[in-house]
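The values are calculated or read from the model by the stated rules, or taken from the named source; none is laboratory data. As the structure is a computational prediction, the values presented were derived from the model and not from experiment. Please note: Cβ atoms are built from the backbone with ideal geometry, for glycine as well, and neighbour counts cover all protein chains shown.
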Amino acid sequence: MDETHNVSQSPGPAERVDSPPRARWRSLVTPALVVLIAAAIAVSITRNWDAWQGDRAEPETHDAFVAGDLTPLSTKVEGLVRDVTVNDYQHVRKGEELVQLDDKDFRAQVAEAAAAVEAARAALETNRRQRELQDAAIARALAVRDQARAQVVAAQAATSAVYADVVRTREERNRQQALFVANAATEQRLQAAVADEQRFAAEAANRDAALTSARAALESSEVEVDVQRRGKSVLVAEGVQLRADLQARESALAAAEVTLSYARIVAPAGGTVGERRVRPGQLVAPGTQVLSLVGDRKWIQANFRETQLTNIAIGSPATIRIDMYPGEVLRGKVIAMAPATGSQFALLPPDNATGNFTKVVQRVSVKIELDASPMVAKLRPGLSAVVTVHTTQPASKR
């Protein structure tokens, strides 16, 4: 009886094959729905994440810090440090002396260059006076030439007049001689006509000699004028050379004075001195860094993700919280945005055209000007900050 009962209670092979399919199908429905819903949610988030980030009214970033002008001051000339007039972390004003080098050699060079300039000026002044004397000599030569020309003109006029008398007396002699031959004139009148002709002929010869002498004097005076003018040209050319030499010596003096100024290292702007790196008596070479100067002007450098820049514009107001002062809130405005992402300014920019590509959200640097506040003077470049830009508020003009 027991064996019959046990056999009838145990399921047969047919029952084990027919019952599971429907139950198994029902057990797969729920996981499949869960997977589909999760996939839909993932696709939705992926496709709309950038829009959600860009449409945020107040994009915020922790990747921000206080920035300022950090200027390393170095020497430009070689020399011994004579004095360091500031202490570490001391505030200085623009133009205030920071380091003084021994400048004896530089002052000697300036004095030598100044003496050379004075010598060049004296030579130029001598040339100027020589030209004045040469102008006077030219004026005298011109006067002599004009006088010689006048004498030539007078000699020519006198010669012309004498030759007219020579012609007249020659004709008179010929007439008297003809009359004497015809027994119409006396021998005395013929002799008087011959004497007049000879006298005027001799006078004409004298006049010719005077004219020749006047012409020779004129030619000599013209040569003298040309010589004096050539001498003036030489002095003018020498003056040009002397002026160029003076300019060169003045340039050398200016260069020496500039070199002398390099012996004084002054603050290029107001700020705070960092640690001093030189001491009195130390020999420094050109390019030796003596100290660093942190400028008084400070701003915020915030690196926003590219998906946060949709509504950020120049002039957008911002609030800044400095980690060093957690209870303080500073205000400012966006004044500039970098022209490229930070990766483009890296030493080795990425080249996405090679190898496998993985999309990485880039960051763009945004410069924020701080509003006037007593807290600004307490800030130090490099301090961490949290920046929030309010894109719904109207942007202020710069």
Response to the item:
Going through region 93-108 in order, the residues found to be within 15 Å of residue 78 (Cβ to Cβ), touching a residue at least 24 places away in the same chain (Cβ under 8 Å) and out of contact with any Gly (no Cβ under 9 Å at 6 or more places or on another chain) are 99, 100
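Look through 113, 141 and report the one residue that is buried (at least 16 other Cβ atoms within 10 Å of the Cβ), at pLDDT 95 or above, touching a helix residue (DSSP H, G or I) at 6+ places or on another chain (Cβ under 7 Å) and small (Gly, Ala, Ser). So that I can check it myself, show each step before the final result.
On the way: 141 fails: at pLDDT 95 or above.
Matching residue, one of 113, 141: 113.
Each row is one residue, and each column tells you yes or no for (1) closer than 28 Å to residue 94 by Cβ; (2) in contact with a helix residue (DSSP H, G or I) (Cβ under 7 Å, 6 or more places away or on another chain); (3) not hydroxyl-bearing (Ser, Thr, Tyr).
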residue: 285; (1), (2), (3): yes, no, yes
residue: 292; (1), (2), (3): yes, no, no
residue: 307; (1), (2), (3): no, yes, no
residue: 323; (1), (2), (3): no, no, yes
residue: 330; (1), (2), (3): yes, yes, yes
Worksheet item: Do the conditions hold for residue 243, that is, is it among the charged types (D, E, K, R) and modelled with pLDDT of 90 or more?
Response: yes
Worksheet entry | Failed criterion for residue 126 (all others in (1) in a helix (DSSP H, G or I); (2) exposed (fewer than 12 other Cβ atoms within 10 Å of the Cβ) hold) | (2)
Discussion item. Which of the numbered conditions does residue 266 fail, given that it passes all the others? Conditions: (1) touching a Gly at 6+ places or on another chain (Cβ under 7 Å); (2) assigned by TED's automatic domain parsing to the domain that holds residue 88; (3) not acidic (Asp, Glu).
Written reply: (2)
Fill in: Tabulated pairs, region 109-125, first farther than 14 Å from residue 247 by Cβ, second of a type in the set (Ser, Thr, Tyr) and surrounded by 13 or more Cβ atoms within 10 Å (Cβ to Cβ), C-beta under 6 angstrom, 6+ apart or interchain
none
Worksheet item: Is it true that residue 269 is surrounded by 13 or more Cβ atoms within 10 Å (Cβ to Cβ), outside any helix (DSSP H, G or I) and of a type outside the set (D, E, K, R)?
Response: yes
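Looking at the structure I just gave you, is residue 351 under 30 Å from residue 89 (Cβ atoms) and either loosely packed, with under 15 Cβ neighbours inside 10 Å or at pLDDT 85 or above (or both)? Full working, then the answer.
On the way: under 30 Å from residue 89 (Cβ atoms): no; either loosely packed, with under 15 Cβ neighbours inside 10 Å or at pLDDT 85 or above (or both): yes.
No: the conditions fail for residue 351.
It is to be established whether one or more residues within region 215-223 are under 25 Å from the mean Cα position of the chain (by Cα), touching a residue at least 60 places away in the same chain (Cβ under 8 Å) and not in a loop (DSSP other than H, G, I, E, B). Step through it out loud before you land on a result.
Taking region 215-223 as the starting set, the residues that turn out to be under 25 Å from the mean Cα position of the chain (by Cα) are none.
Scanning region 215-223 turns up no residue that is under 25 Å from the mean Cα position of the chain (by Cα), touching a residue at least 60 places away in the same chain (Cβ under 8 Å) and not in a loop (DSSP other than H, G, I, E, B).
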